[in-house]
Structures are given as structure tokens and as C-alpha cells.
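Report on the structure given below.
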Amino acid sequence: MPLAGRTSVCWGFFGNLLEPTSIHNLLMHNLRMPVSVDTLRLQLDYSAWASQRLMDAAAKLSNEELTRDFKTAGKSVLDTLVHIYAADRVWLARVLAEPRATFIDPEDRDLTLLQTEWPALQQRWKLWLRDFNDDDVLRVIAYQDTKGRPYSQPVWQILLHLVNHGTHHRGQVSGFLRAMDHTPPPLDLIAYYRSL
């Protein structure tokens, strides 16, 4: 069928043109992606492991290094760690239907606070997910973002986003450490698997 008259075109992975029915099926598969609850638990454990390793590395920095402004969105090692922590916290509040008034509180910008509060927060995530089964992770959760816009997503998408978000920003912190001539700890998922 010629492309003329089509309102949208989508190309598949191998460069083949996908028909609207194929696009619909592909999108529906993504909504019910087969991610087991055990895989999600493992991902949360990985995220906690990687964040702890970076906090340990950050604890060895001077205050000047910890707060050095790298002129990026995250600004500094501390501010980026605080951002990851605050996102972990706001997402837990969303899944628990306990909306927060703020994203980052002024007292959050303290590594000592992060060292105690972040592991406790990660434990709360584990407790929340403890009794879930594979069907529970398909449950859709309605929430609002920090600007009050409504969204809804299945649990598995929220959890994978949470881990992916943390991984992205931990990579930034690793870059900051390298820029200050410090060697960041290995944070790759495969390094975590090898540590088990």
C-alpha cells in the first residue's frame, strides 16, 4: 500500500513499516509488559545498593567538593544525590496516595540526613512491594505530578522509572567525581549481580 494518504507512519526495529494494527499491538504489549515482581524487587535492591555506594563515596569528599557547582541541572554531588532521594520519596508518596507538598525540603541538603533517611526510605519501598504478586504489578496507580497534572501508570512502569531515574542521575554524580579526580565506585547493574 502506498504511503500517500496515511496520517502517520511508524517504522519497526528492522526498518520495516508497521501497519496501524501492528502499532496498536506493540503498544498494548508495552502496557502489559511481563515484568515479574521478583525482577522489580531485584531492581529496587540494585538501586539501593548503587545509591549507598555513591553516598559512601560522597562521604569521603570535602564540603567544597560535595557542593562544587558543575553548572549542570544537578549542580553538585550533594544536590544530585538529594534530587534522587527526593524523587524516590515523592514516588513512594504517590503510590501510597500520600501527596507531598514539596519535592525537596531545605533540610534534605545534608549528607548526614541522606545517610540515615535514604536507607529507611528504601526499606519502606521494600515493605510496600513485599506482599505483591505478578498480577499486582499490573495495577494502575493514579497520581499527580509536582505541577498537579493527573497521570496513571501501572506499578511496574513506576518502579522501572524510579530505578532508571536513579541510574541516570547516579551517572551524573559519577561524572562529577571523575571531574574532581576521584574514582567513582562501580555502579553497573552487572557489578551488582556479581556482588550477590
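What to note about this one:
- Other-chain or far-sequence residues with amide H under 5 Å of I141's (modelled H): Q153, V155
- In sequence order, calculated HN-Hα J values of region 128-135 (Karplus, 6.51, -1.76, 1.60; Hz; x Gly/Pro): 4, 8, 3, 9, 6, 10, 4, 6
- Put simply, when 82-94, 171-183 are sorted by average Cβ atoms within 10 angstrom per residue, most first, you get 82-94, 171-183.
- Each of the peptides 127-136, 45-54 was scored by the mean count of other Cβ atoms within 10 Å over its residues; in descending order, highest first, they stand as 45-54, 127-136.
- Extension gain, D45 to A59, is 2.9 nm, computed as 0.36 nm per intervening residue step minus the present C-alpha separation.
Each value in this text was obtained by applying a stated rule to the coordinates, not by laboratory testing. Predicted model only: the values in this text are computed from it and were never measured. No Cβ is skipped: glycine too gets one built from the backbone with ideal geometry, and neighbour counts run over all protein chains shown.
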